[in-house]
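For reference, the structure is listed below as structure tokens.
The values are calculated or read from the model by the stated rules, or taken from the named source; none is laboratory data. What you see is a predicted model, and the numbers here were worked out from it, not measured in a lab. Neighbour counts are summed over all protein chains in view; Cβ atoms, including those assigned to glycine, are modelled from backbone coordinates with ideal geometry.
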Amino acid sequence: MRLPSWLAQHIAALRALLVLTVLLGLAYPLAMVAVGRLPGLSDRADGSLITVADKTVGSRLIGQSFTDADGNPVPRYFQSRPSAAGDGYDPTSTSAGNLGPESIVDTLSDNPDDAAQSLLTQVCARSVAVGELEKVDGRRPFCTADGVGAVLAVFHRDGFTGPVTRVVSVNQTGTPFVATYQGVTVESARNGEDYRAMGAVITPIRGDAPADPVVPADAVTASASGLDPHISPAYADLQAPRIARERGLTEDQVRRLIEEHTDGRALGFLGEPAVNVLELNMALDGR
């Protein structure tokens, strides 16, 4: 007996549903679990956790902060790179800041919830903080001495051309980082004002900072995931004098530890050498 076409279609759809459920809902997940149990893969499948004295202290794959209860860096430990994942290294909030090179003007507001730092100011502030911690020159091009983006809103008589009629330091409500620009007194910014919309030309000012900043880029920028457990050898080397002072070690001893915990390029040519911060700090504690 031939089934009605509508019934035959429903039966075929049900068969496809059952087959795909068995294959993709049961067989495939179980196969992946079995592969994850193979020797050499089980540790990574479990998150590459590091356990000391039956206590999990972290993961080789996810970064973490080495700060005190107030969020200040603990001087005796190497510091990780910044993180934009939640409050920092939150696997449930992994994300980038979604800010690019055009993000140079802060959002100033009387309401702290509405205020936001540009990427430039974030980089400037971090560079100043790292410079103070490591006792090095934290200056960067296009940054003010107090760690905000050195950016002016320049108003011209004829729109984008002609003599300058007004200048505002858009990221500073206090004393501007320069007193005058092309003979015009620089004003402080006012909260809530959109100077670009008012017709100003947004003008970054390079300043006299060195072209190659002492503080490396990974010390002032977050990774795309916000979970990067590594820093560059350059950033680790910058921190070596502080670690040596705090730990009572020589800088050569600290740098040998850095070399021992530096991973080379993947397959010998992909990426850049990197230092796992957690493993390096554990090695310091192990001494």
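The set of residues in the range 240-272 that are assigned to a loop (DSSP other than H, G, I, E, B), of a type outside the set (S, T, N, Q) and surrounded by fewer than 14 Cβ atoms within 10 Å (Cβ to Cβ) comprises GLY248, GLY264, ARG265, LEU267, GLY268, PHE269, GLY271, GLU272. Of the residues making up the range 186-209, not a single one is of a type outside the set (Gly, Ala, Ser), surrounded by fewer than 14 Cβ atoms within 10 Å (Cβ to Cβ) and under 20 Å from ARG81 (Cα atoms). VAL186 fails exactly one of the following numbered conditions: (1) closer than 22 Å to GLY138 by Cα; (2) outside the structural domain of GLY88 (by TED's automatic domain parsing); (3) at pLDDT 95 or above; (4) touching a Pro at 6+ places or on another chain (Cβ under 9 Å). What is the number of that condition? Against the list (1) closer than 22 Å to GLY138 by Cα; (2) outside the structural domain of GLY88 (by TED's automatic domain parsing); (3) at pLDDT 95 or above; (4) touching a Pro at 6+ places or on another chain (Cβ under 9 Å), VAL186 comes up short only on (1).
Quick grid of which residues meet (1) modelled with pLDDT under 75; (2) part of a helix (DSSP H, G or I); (3) loosely packed, with under 10 Cβ neighbours inside 10 Å:
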| position | (1), (2), (3) |
| --- | --- |
| ALA12 | no, yes, no |
| ARG15 | no, yes, no |
| VAL22 | no, yes, no |
| GLY40 | yes, no, yes |
| ASP43 | yes, yes, no |
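Scanning the range 210-229 for residues that are without any contact (Cβ under 8 Å) to a residue 60 or more places away in the chain and either aromatic (Phe, Trp, Tyr) or in a loop (DSSP other than H, G, I, E, B) (or both) yields ASP212, PRO216. The single condition among (1) modelled with pLDDT of 95 or more; (2) loosely packed, with under 15 Cβ neighbours inside 10 Å; (3) of a type in the set (Asp, Glu) that ASP237 does not satisfy is (2). Do we have any residue at all in the range 83-92 that's modelled with pLDDT under 90, in a helix (DSSP H, G or I) and surrounded by 13 or more Cβ atoms within 10 Å (Cβ to Cβ)? Yes - at least one qualifying residue is present in the range 83-92.
Within the range 156-171, being surrounded by 19 or more Cβ atoms within 10 Å (Cβ to Cβ) and of a type outside the set (Val, Ile, Thr) holds for SER169, ASN171.
One residue stands out among those in the range 97-116 that are touching a residue at least 24 places away in the same chain (Cβ under 8 Å) and either surrounded by 14 or more Cβ atoms within 10 Å (Cβ to Cβ) or among the polar types (S, T, N, Q) (or both): the one that is nearest to GLY138 (Cα to Cα), which is ILE104. Selection of first residues in the range 119-146 that are without any contact (Cβ under 8 Å) to a residue 12 or more places away in the chain and surrounded by fewer than 20 Cβ atoms within 10 Å (Cβ to Cβ) and of second residues that are part of a loop (DSSP other than H, G, I, E, B) and of a type outside the set (S, T, N, Q), restricted to Cβ pairs under 7 Å at least 6 apart or on distinct chains, gives the following pairs, ordered by first then second residue: GLU132/GLY138. With respect to (1) farther than 27 Å from PRO91 by Cα; (2) in contact with a strand residue (DSSP E or B) (Cβ under 9 Å, 6 or more places away or on another chain); (3) among the small types (Gly, Ala, Ser), the lone exception for ALA219 is condition (1).
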